[in-house]
Structures are given as structure tokens and as C-alpha cells.
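One structure is given here, and the rest of the page talks about it.
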Amino acid sequence: MFEVCFRIGGHVHCFPIPVLGPPVVIPHGPGPVNYPELELAATVMQMAEAVQHAVPESELTKQLTEVAGRFVDQVRAGLPDGVELRQVSAAAAQG
């Protein structure tokens, strides 16, 4: 699972990114607003993780994980200052 985090007034505020859900709309803060690349990055990484669990030693898994990682790095590089994309475990996101 991914979340987008903003530092506002000295405090970090994080919001989960739904996978294949409605567009991300964060009404307050510096943006991004309706930034579809965030959802796509989370979806791509979760797909790579699902393949990793199903076929851990395959060439497909290796290549998919590398491509997904590069895409997430591109999305991170395009975020405005003060905004970050974090990957969190499902357990950490629920608790």
C-alpha cells in the first residue's frame, strides 16, 4: 500500500492511495490534486508484489519488479516539494 504525505505546519499528514479506486482528491494542502500517477504507481507496485508472491524466482517477476520500481521513482521525482510517496505494509496502514 502507498500513501502520499505532506508536511503542513511542521506536521506530516499522510493519506492512503486507493488502488484502482476513485481519483485521489486531497482538498487541503499543497497538492497534488487528482494526480493519477499516484494511483498508477501504487497499482503497479502491488501487481509486482502479487507476482513476486506467486512466482518468486521467475524472470517475469524480476523484470516487472525493476520496471515498477523505476516507474515509482519517476512519480516520486515529479512530486512537488514537500510531498512524498511512501510504501507502507498493509498491517501498518490498518493500525
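The label-point distance for A77 and H53, in a model that sets each label 7 Å from Cα toward Cβ, rounds to 3.1 nm.
Applied to the range 59-69, the Karplus parametrisation 6.51 cos²θ - 1.76 cosθ + 1.60 on θ = phi - 60° returns per-residue 3J(HN,Hα) values of 5, 4, 4, 4, 5, 5, 5, 5, 5, 4, x Hz, with x for Gly and Pro. Net charge of the neighbourhood of F6, taken over other residues with C-beta under 15 Å away and scored Lys/Arg +1, Asp/Glu -1, is 0. A cut-off under 14 angstrom between Cβ atoms defines the neighbours of A48, and their net charge, with Lys, Arg +1 and Asp, Glu -1, is -2.
Quick note: the coordinates plus some simple rules give every number you see, no bench work behind them. Computed from a predicted model, the values in this text were never measured in an experiment. Backbone-built Cβ (ideal geometry, glycine too); neighbour counts: all protein chains shown.
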